[in-house]
Amino acid sequence: MAGTELLASPVQLTGWALNYNWLALIPPLVVFAVVLAIGLIAQRVLFSVLRRWAGRFPTEGRTIAVQRFRGISTLWIVLLAAHFAMEASPLSGHATQRAARILLILWVISLTVAAARLASNLVRTYGSQMGGPLPVTTLTENLATLTVAIVGVLILLNLLGVSIMPILTALGVGGLAVALALQDTLSNLFAGFYISMAGQVRPGDYIRLNTGEEGYVADITWRSTTIRALANNLIVIPNAKLAQAIVTNFHLPEKRMSLSIPVGVGYSSDPDQVERVLLEEVRAAVGQVPGLRAEPEPSVRLIPGFGDSSLNFGLNCHVEEFVDQYLVQHELRKRILARFRKEGIEFPFPSRDLYIRKQ
């Protein structure tokens, strides 16, 4: 009956259910079905238009936004249909308000979850392109997600009529105990923030620690930094240890790096000829050997110079990045060996003069 009040007692509620005119549920169910159908049709049309729009102006961010909100929008349509059904139901005004408040809370929670996931995806997609103070790492993605989640929780607490001041006070009092209990964890967390904000160690950089570990920085999380070695192994370093280590970053200030290849020839060799041959070979290899740069110009120096049994030259050139040096050295040494044999330039063997004194 339209004027029936929502009863709180379980016994009274059971009696009400037995005597209730179930035909009164037909209008709200019809409203629910109609609103749901209209919402699903509108959703299909809207997302069809959005997909065409994203395809006409293809960007990864638009595609992510469309995909992320497609699934959650179905839940919103159900909540909207339930809201209109409640308005058309025989429930009292007080019960309708409570139901509407519950639906609003569910909508805020779902919106917070969707926005947090979207923020994480957008940071991962556009963070490296924006060139902000924080590089794109798991730590920054989690930070974006946490920020959106905190805003959602504050809105939810406001809807529930909960004051956040006592909560903040309790957190302040208990913060000292938590900090003491999680000292190592917090140390790694703040060290991770420091490493990310300093920008001296970034994902994709090739680094070497003073303790000997080296490789490409794969990720920076709240606890540790992961390095992928050239052998394709992962090295996990606590952020606090990395913040205290002496780090050589081979990608800063730029990836290009110099390479010096020692070359020893016999003392009978002409230094000018050796210099000319080395420069010709390295210039000819530019464009043929991957990673070898034409600029800056290669050079040859008689350094370290006079050895025990050889003239020691240094062939100086530049490569695109750290790992290119291995292939460049391999190819240049083969070319130099073949050219020296052709030019008659000898590689010396260690020799010693032995003097025997008779007593």
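Nothing in this text is a laboratory measurement; each read-out follows from the coordinates by a stated rule. Since the structure is predicted, the reported quantities are computational estimates derived from the model, not experimental observations. Cβ sites come from the backbone with ideal geometry, for glycine too, and all protein chains shown count toward neighbours.
Residues whose amide H falls under 5 Å from that of Glu346, counting only those 5 or more places apart or on a different chain, are Gly266, with hydrogens built in the peptide plane. The chymotrypsin sites (Phe, Trp or Tyr not before Pro) found in region 244-327 that occupy coil by DSSP, while having at most 13 further C-beta atoms within 10 Å, are Tyr267. The lysines within cross-link reach of Lys342, meaning a Cα-to-Cα straight distance under 25 Å and a gap of 8 or more places when in the same chain, are Lys334. Quick one: Cα centre-to-centre distance for region 220-269 and region 298-317, in angstrom? That distance is 26 Å.
Can you tell me how region 271-345 classifies by the Cα gyration tensor, rounded, prolate or oblate, using a/c under 1.5 as the rounded cut? Cα axes put region 271-345 in the prolate bin. Karplus-derived 3J(HN,Hα) values for region 330-338, using 6.51 cos²θ - 1.76 cosθ + 1.60 with θ = phi - 60°, are 4, 5, 5, 5, 5, 5, 5, 4, 5 Hz; glycine and proline are entered as x. Amide H to amide H distances under 5 Å link Gly307 with Asn312, where only residues 5 or more positions off or on other chains count and H is placed in the peptide plane. Panel order for His330, His318, by other beta carbons found within 10 Å of each beta carbon, from fewest to most: His330, His318. Taking Cβ atoms as reference points and 13 Å as the exclusive limit, the residues near Tyr267 contribute a net charge of -3, counting Lys and Arg as +1 and Asp and Glu as -1.
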